[in-house]
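The values are calculated or read from the model by the stated rules, or taken from the named source; none is laboratory data. Every value quoted in this text rests on a predicted model; they were computed, and no experiment measured them. Ideal geometry is used to build each Cβ from the backbone, glycine not excepted, and the neighbour counts take in all protein chains shown.
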């Protein structure tokens with residue numbers, strides 16, 4: 001499993017470093033977006049320069065995955081990006097859905113392998129009883145009677 005984790009981490013890291021860097025360096029030509037909502041969505045990302053924020057998160061998260069030291073932080077940065085990629089392709093541009101699914105599966109595998117780092121997010125917090133406050137109140141009532 002350790003080798004599979006390294007392969008998944010490296011693949012996901014490379015994907016995001018390459019495609020995130022492409023936002024800034026333009027070394028891979030981008031095809032025109034399909035007609036409809038996908039075109040409008042991409043136009044809004046370009047015009048607002050929000051695409052640079054996404055590209056920066058992709059590069060940072062990908063580098064953290066490739067470094068191997070801060071994988072949970074890298075997954076945390078890439079999580080919202082991956083969800084948006086999956087939703088974009090599922091709802092607006094289905095041609096890219098297979099690649100979005102591969103990226104999602106790699107991320108889910110890594111989340112599973114690093115689940116102990118994310119365990120605190122899904123633990124239920126025990127209800128804290130205010131025993132000290134109850135004792136003080138009992139002493140006050142007992143002292144006044």
Discussion item. Can you find, within the stretch 32-43, the residue that is surrounded by the most Cβ atoms within 10 Å (Cβ to Cβ) among those that are outside any helix (DSSP H, G or I) and in contact with a helix residue (DSSP H, G or I) (Cβ under 9 Å, 6 or more places away or on another chain)?
Written reply: 33
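Kindly provide the set of residues from the stretch 19-31 that are assigned to a helix (DSSP H, G or I) and either touching a strand residue (DSSP E or B) at 6+ places or on another chain (Cβ under 8 Å) or free of Cβ contacts under 8 Å to residues at least 40 places away in the same chain (or both), ordered by number. Steps first, answer last, please.
Within the stretch 19-31, the first condition is being assigned to a helix (DSSP H, G or I), and the residues that meet it are 19-25.
Correct list: 19, 21, 22, 23, 24, 25.
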Item to complete: Quick one: residue 80 ticks every box in (1) within 21 Å of the chain's Cα centre (by Cα); (2) modelled with pLDDT of 95 or more; (3) more than 13 Å from residue 107 (Cβ to Cβ) except a single one, so which number is it?
Response: (3)
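Return the total of residues in the stretch 44-87 being in a helix (DSSP H, G or I) and either over 20 Å from residue 26 (Cβ atoms) or touching a strand residue (DSSP E or B) at 6+ places or on another chain (Cβ under 7 Å) (or both). Please lay out each step first, then the result.
Of the residues in the stretch 44-87, the ones in a helix (DSSP H, G or I) are 44-47, 50-67, 71-87.
Now drop any that are not either over 20 Å from residue 26 (Cβ atoms) or touching a strand residue (DSSP E or B) at 6+ places or on another chain (Cβ under 7 Å) (or both), which leaves 61, 64-67, 71-80, 82-84, 86-87.
So the count comes out to 20.
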Discussion item. Of the conditions (1) at pLDDT 95 or above; (2) within 19 Å of residue 117 (Cα to Cα), residue 1 satisfies every one except a single condition; which number is it?
Written reply: (1)
Practice prompt. Report, by residue number, each residue of the stretch 1-18 that is surrounded by 10 or more Cβ atoms within 10 Å (Cβ to Cβ) and not in a helix (DSSP H, G or I).
Written response: none
Item to complete: Out of 57, 75, report the one residue that is under 13 Å from the mean Cα position of the chain (by Cα) and either loosely packed, with under 12 Cβ neighbours inside 10 Å or under 14 Å from residue 104 (Cα atoms) (or both).
Response: 75
Discussion item. Being surrounded by fewer than 15 Cβ atoms within 10 Å (Cβ to Cβ) and either modelled with pLDDT of 95 or more or within 19 Å of the chain's Cα centre (by Cα) (or both): is that true of residue 121 here?
Written reply: yes
Item to complete: Tell me which residues, restricted to the stretch 83-96, are buried (at least 16 other Cβ atoms within 10 Å of the Cβ) and closer than 18 Å to residue 111 by Cβ.
Response: 85, 86
